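The values are calculated or read from the model by the stated rules, or taken from the named source; none is laboratory data. Predicted model only: the values in this text are computed from it and were never measured. Note that we place each Cβ from the backbone using ideal geometry, even for glycine, and neighbour counts take in every protein chain shown.
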Amino acid sequence: MSEMKNVNSIKGFTLPEVLIAISILGILSAIAMPNISEFMIKNRVDNEISSLHRLILNARNAAVNTGKNVTICPLTNNVCSTDWQAELTVFTNDTDTLADNNVYNNDGDEVNGVADEKVIKVKAATLSSDNLQYTDTLIIFSPTGKAISGGNSTFTYCPSENESLARSLYLSLSGRVYASDDNDNDGIDENRSNVKVSCD
């Protein structure tokens, strides 16, 4: 004869036990939430800086490989603008004068021996609440890999929720790119000169 369980012997949680468990979960969540939030902001900033770093390296490599000037800028009606929050475009430039390197020519017509230029890569716009600071209108790499425009300049990415988590990229005249790092482990990045990254 098989044993039958007594219904009265099945135990569950009592109301006080459930309330205590909920209270403990609430306390643990309150402790963990700021750390999770900071981690998510840092992750977003790191992703944006890495994406921008790759974009600049792609532009430099394209200039060396194609033997043409390559421009990076935010385009508005095929002309470089200063809205670095917007979508960023890398394109080849077939013009001989630097003054014309801020225009993307893709109209299907060859003008003065200049063929249509080509888009190499596009980076999506940054989060509208964040701020990507950059002082120049454009970056131009020559076929030697040097930055003939936009060199010795700095990008600073400032998250809206916590500007102390800002990071920066420095572009040298040689065309090399250097990302900021937290050298002294105080939670704030420093640039190559050991100056703290600031969004001011």
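Numbers below:
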{"item": "Among residues of region 166-200, those that are within 13 Å of the chain's Cα centre (by Cα) and aliphatic (A, V, I, L, M), counted", "result": "3"}
{"item": "Test: residue in region 130-152 that is of a type in the set (Phe, Trp, Tyr) and without any contact (Cβ under 8 Å) to a residue 60 or more places away in the chain", "result": "yes"}
{"item": "Residues (in contact with a His (Cβ under 8 Å, 6 or more places away or on another chain) and among the small types (Gly, Ala, Ser)) located in region 126-181", "result": "Ala179"}
{"item": "Residues satisfying the stated conditions in region 52-83, i.e. outside any strand (DSSP E or B), of a type outside the set (S, T, N, Q), farther than 16 Å from Ser149 by Cα and touching a Phe, Trp or Tyr at 6+ places or on another chain (Cβ under 7 Å)", "result": "Leu52"}
{"item": "Looking only at region 135-154, and only at residues there that are part of a strand (DSSP E or B) and under 18 Å from the mean Cα position of the chain (by Cα), the one that is nearest to Thr89 (Cα to Cα)", "result": "Ile139"}
{"item": "Selection count where residues are farther than 16 Å from Ser50 by Cα, part of a loop (DSSP other than H, G, I, E, B) and either modelled with pLDDT of 95 or more or of a type in the set (Asp, Glu) (or both), scope region 181-193", "result": "2"}
{"item": "Filter result for the condition that a residue is in contact with an Asp or Glu (Cβ under 7 Å, 6 or more places away or on another chain) and assigned to a strand (DSSP E or B), over Tyr170, Tyr178, Tyr157", "result": "Tyr157"}
{"item": "Top-ranked residue of region 44-98 - restricted to ones that are buried (at least 16 other Cβ atoms within 10 Å of the Cβ) and of a type in the set (Lys, Arg), ranked as farthest from the chain's Cα centre (by Cα)", "result": "Lys68"}
{"item": "Within region 11-65, considering residues that are among the hydroxyl-bearing types (Ser, Thr, Tyr) and more than 26 Å from Thr154 (Cα to Cα), the one modelled with the lowest pLDDT", "result": "Ser29"}
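Residue-by-condition table, conditions (1) surrounded by fewer than 17 Cβ atoms within 10 Å (Cβ to Cβ); (2) touching a Leu at 6+ places or on another chain (Cβ under 7 Å):
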residue: Ala147; (1), (2): no, yes
residue: Gly151; (1), (2): no, yes
residue: Thr156; (1), (2): no, no
residue: Pro159; (1), (2): no, yes
residue: Glu163; (1), (2): yes, no
residue: Leu171; (1), (2): no, no
residue: Asn185; (1), (2): yes, no
residue: Arg192; (1), (2): yes, no
residue: Ser198; (1), (2): yes, no
